[in-house]
Amino acid sequence: MFSSLRQDWATPRALFEILDREFRFALDACATAETACCARWFEREALLPESSWAPGPVWMNPPFRGIAAWVERACREARAGVVVVCLLPSRTDTSWWHDYVMPFGELRFLRGRLSFDDRRRGRAPFPSVVVVFRPEHFRSRLKWEDLGVALASR
């Protein structure tokens with residue numbers, strides 16, 4: 001089955017540690033007190049806190065409910081100069097995937113299904129991908145303003 005009643009999954013610690021060695025995260029943008037991977041973190045229940053994510057790099061494992069807004073925010077932060085690394089469900093059929101991930105993301109598909117670090121231990125019922133949004137992606141690809149025009153013309 002490709003769906004789940006769960007709306008969030010704690011970050012797998014081993015995956016985070018591998019990525020943290022590469023990026024040296026300064027912020028977990030979407031966490032709880034129990035799941036925060038960085039000393040500086042924002043409560044995911046605050047839903048897109050307006051506080052700056054700078055200077056970064058930033059780790060983000062967003063809840064599924066409202067995921068498009070979280071991915072859009074990651075793009076805005078990257079456009080403003082912050083590297084944002086996201087753990088996302090691989091949902092290649094969704095609008096948010098085509099609007100934000102495809103034009104701006106560096107994709108690292110994960111083989112198999114992730115095992116998440118929480119009390120219910122188990123494998124996700126969906127494939128996952130690590131998406132890296134880098135500031136340079138916005139200089140070398142479709143302009144952000146063009147994206148707004150494309151979205152408005154639907």
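Nothing in this text is a laboratory measurement; each read-out follows from the coordinates by a stated rule. Computed from a prediction, not measured in an experiment: that's the story for all the values here. Backbone-built Cβ (ideal geometry, glycine too); neighbour counts: all protein chains shown.
In this structure, the amide hydrogen of S128, modeled 1.01 Å from its nitrogen in the peptide plane, lies closer than 5 angstrom to those of S90, L110, L114, counting only residues at least 5 positions away or on a different chain. Inter-label distance, A54 to F109: 3.6 nm, where each label sits 7 Å from its Cα along the C-beta direction.
Computed 3J(HN,Hα) for the range 55-60, one whole-Hz value per residue from the Karplus formula 6.51 cos²θ - 1.76 cosθ + 1.60 where θ = phi - 60°, is x, x, x, 10, 9, 9, glycine and proline marked x.
Listed values for the range 67-80 are Karplus-derived 3J(HN,Hα) couplings in whole Hz (6.51 cos²θ - 1.76 cosθ + 1.60, θ = phi - 60°), namely 4, 4, 5, 5, 5, 4, 4, 4, 5, 4, 5, 5, 4, 7, and x replaces Gly and Pro. The modelled label-to-label distance between H98 and A14, using points 7 Å beyond Cα along the C-beta direction, is 3.6 nm.
Ordering W97, W59 by the number of other Cβ atoms within 10 Å of each residue's own Cβ, fewest first, gives W97, W59.
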